[in-house]
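Where a number appears in this text, it was derived from the coordinates with a stated rule and is not lab data. Keep in mind that this is a model prediction, so the values were computed, not measured. A quick note on method: Cβ atoms are made from the backbone with ideal geometry, for glycine too, and the neighbour counts reach across all protein chains shown.
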Amino acid sequence: MSSQLRSSKRRRKFDPDELRRRVFGKKKAQEENVIPMINIIFLLLLYFMIVGNLQPDYDIVPPASTRQALPAAEVPTVSVDRDDTLRFEGRPVDWDALKRELGAVAGIDELKIYADAKVSALTVSKIMKSASEAGVLQFILVTQRRANVSSN
C-alpha cells in the first residue's frame, strides 16, 4: 500500500504549455477589433476636409502650389485681388487702414494672406512688411493645389 501512496504523491513535471492550454484553451489570442475606430477616424477626416475647404466670398484665385498645409483656425486674414484691392477680415481697407487694423489686433503671431495669382510679389511683400511692423511673426500664404502635379 505504501508503494501506491508514493506513486500517487509523485509530482508531475511542470509544463508551461500545458498550463497555457488549460487556462486559455486551444484558441489563438483574440485580436482587437479596430474597424470602429478606423471608421470614426475616416468620418473625422471627411468632416475636417469639408469644413476646411470653405472659401471666402470674394473673387480671388490664389497661385498654385504642390504642398498643402492645414488651415489655421483663429488667424486674421488679409486678401488682395487682381486690382490690388485690400481686405482685412473681409472688409475693404486701404494701406493706412490696414496698418491701423493690424496694430489694433493685439497679440497676433500669424497672418493669413490670400493673394490673387496675378498680384505682384511686391504687393505681398508690402503686406508682410506692414504686418511685421505690427508684430506679426509668421505668415500663411494661401495657395491652391496644382491640378496636374508631375512626379519628376
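A compact table of results
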{"quantity": "Burial ordering of Asp94, Asp116, fewest other beta-carbon atoms within 10 Å first", "calculated": "Asp94, Asp116"}
{"quantity": "Residue order, fewest to most beta carbons within 10 Å, for Thr143, Thr85", "calculated": "Thr85, Thr143"}
